[in-house]
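A quick write-up on the structure given underneath.
Since every read-out is calculated from the coordinates, none of them should be taken as a lab result. The shown structure was predicted, so the numbers you read here are calculated from the model rather than taken from an experiment. Here Cβ is always computed from backbone atoms with ideal geometry, including for glycine, and neighbour counts include all displayed protein chains.
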Amino acid sequence: MSRNKIQFGRPKSRKVKLSELNLDIDNLSLEGRGVAKHAGKTIFVDGALPGENVRVKITKQHKSYDEASIVDIQSASPARITPACQHYNHCGGCQLQHLAPSAQLQHKQSAVLSLLQHMAKIIPVEIADPLRADAFNYRRSARIGVNRLSQSGTVIVGFRRRHSSKLLQISKCIVLPEYLSGLFDQLRSTLEQIENAKAITHIEYLQGDDCGALTFRCKATLSAKSQALLSNMLKKFKLQGFLRYDRGIEPLAGNSAALSYSINELQLNFEPGDFLQVNAAVNRQMVDRAMDWLVLNDTDHVLDLFSGLGNFSLPIANKVAQLVGVEGSDTMVQRATGNATNNNIDNCRFYQSDLSVDIKNHPWFAQSYNKIILDPPRSGAQQLIHNLIKGNGNSEGQSPSHILYIACDPSSLARDGQLLTSLGYQMQKFCVMDMFPNTAHIEAMALFCKITEQPKARRASKLIPH
């Protein structure tokens, strides 16, 4: 009689031999990876494009899917191009530089429309042209990582490696403004001269119309000598400098210019740590299209939810009877209020509210609005929409004719769109916005209108021009 060997502790993991395969790539995932099928299992392939035949190596195996990397491209897509960035193969910042810009937009539009149709049974009545601008030198905000190696003293300044938490040494980032092309080398050489450079964990970059700023996140106070070194380096790029401690933000010596950007002939001031739309050119187009889609007039009462520093609110306030902006951050409410005052706009008011909880007792909710702007975080706005439209308890809900939804996550747009459809709205207009060219990140804008009579939805299939 055989006896089973008793084993204590965790069983030894089996080493699985990771094999190579030839695959035909069918499409792109939302994350920008090629998608193929093999033996009934989905395989996601980094860097592969639809229509390609590739030889791949399986890098990770999961129960329902596998992940793979390219060994050889045996038949390339005509949309494949040579990445412009020298760091592209290793940097995690961009995912789609190997795909032609027009094909990137076509993928992003098709991906969101497919998700809307299959997840929410939504087909927009009208699909507008995508909003886009230059594919490079567009970013006006970024987070730059810093790490001083203990043994060598070398300072790494850059972004995270692809599929890793480790930093990649960067010499130039071509999605940042051209005038910053030498910034990374200067940062590195300066930080290597600073005695306690390990106290600096990362650097936040923000760009206004007239000047930019770097904010150094510090775990410990920098000496006067270290601050002088940073200030002198920043002068070469005409950048403002700030130090962010747990106790707050402090300016480096020599700061003079205020940070601001213009939108619709208005000037909006901001400070380090504030949220800005990353792409200034696409942001201007987005605000213009929002105002056009909402068909604004001087009798409208507009509610702007997640209003930030007034990016939508203030241009729209100039066209309507009244605007109310609601934002979770009290700092941003103060910033928006100040921007309204500076631009002589007196028909808007901003409130601080936690929009993730019950809103029925907030004073702004008691007012009536005929048009609403929703610009929620990636998690979406399910509960907010439910409370907003259906009301709660003794509070009646709003019944706006137009709801403009700004989406930074396609799945949230589908979920929230499905809820709005159930509440009597139809997606009348839709467009994708290429706020982040060369990345897999997808943003979209949709206009939901209260249904009075059912218009016939049609499939609009606009080709994106090259």
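Look at the alpha carbon pairs under 8 Å that are at least 6 residues apart: their mean separation over the length of the chain gives a relative contact order of 14 percent.
Rounded to the nearest 20, the size of the Cβ-charge dipole of region 107-226 about its Cα centre is 680 debye, with Lys and Arg at +1 and Asp and Glu at -1.
Each peptide in 410-422, 177-189 receives the mean, over its residues, of other Cβ atoms within 10 Å, and ordering these scores from highest gives 410-422, 177-189.
What does the C-alpha gyration tensor say about the overall shape of region 141-258? Classify as rounded when a/c is under 1.5, otherwise prolate if a/b is larger than b/c, or oblate.
Numbers: a/c = 1.55, a/b = 1.11, b/c = 1.40.
It comes out oblate by the Cα gyration axes.
Listed peptides 33-46, 427-440 appear in the order 427-440, 33-46 once ranked by packing, highest mean of other Cβ atoms within 10 Å at the front. Here are several values of log10 I(q)/I(0) by the Debye sum over Cα atoms at q = 0.11, 0.13 Å⁻¹: (1) -0.93, -1.37; (2) -0.89, -1.24; (3) -1.04, -1.29. Which one was derived from the coordinates shown? Matching entry in (1) -0.93, -1.37; (2) -0.89, -1.24; (3) -1.04, -1.29: (3).
Do the sum for the chain: with -39,500 (n - 2.57) for every DSSP H run of n ≥ 4, divided by all residues, what is the mean residue ellipticity at 222 nm, to the nearest 500 deg cm²/dmol?
Values: 8 runs with 95 residues, N = 466.
-6500 deg cm²/dmol, from helical runs alone.
Full extension of the segment from residue 346 to residue 161, taken as 0.36 nm per residue of separation minus the current Cα-Cα distance, would add 61.8 nm.
Take each peptide in 401-409, 444-452, 218-226, count the other Cβ atoms within 10 Å of every residue, and average; sorted highest first, the result is 401-409, 444-452, 218-226. Database remark: amide H of residue 156 closer than 5 angstrom to the amide H of 147, 148, 149 (H placed geometrically; neighbours at sequence offset of 5 or more, or on other chains; Pro and chain starts carry no H). Summarising the strand pairing of the chain, around 65 percent of its internal DSSP beta bridges are antiparallel. Per-residue extension of 0.36 nm, minus the Cα-Cα distance of residue 55 and residue 378, leaves a gain of 112.8 nm for this segment.
Candidate cross-link partners of residue 360 among the aspartates and glutamates, defined by an alpha-carbon separation under 14 Å and a same-chain spacing of 8 or more, comprise 396.
Quick one: which of 166/235; 390/429; 172/238; 121/450 span more than 28 angstrom between C-alpha atoms? Pairs exceeding 28 Å: 166/235.
Under 13 Å from a point placed 7 Å out from the Cα of residue 258 along the Cα-to-Cβ direction: which residues of region 338-371 have their backbone N that close? Residues passing the 13 Å test: 338-344. Only Cα pairs under 8 Å and 6+ residues apart enter the sum, and on that basis the relative contact order of region 17-79 stands at 31 percent.
State the antiparallel share, in %, of DSSP beta bridges confined to region 17-79, rounding to the nearest 5. The answer is about 80 percent antiparallel.
Across region 262-278, computed HN-Hα scalar couplings (Karplus, 6.51 cos²θ - 1.76 cosθ + 1.60, θ = phi - 60°) run 9, 8, 6, 6, 10, 10, 10, 7, 8, 9, x, x, 6, 7, 10, 4, 4 Hz from first to last residue, x flagging Gly and Pro.
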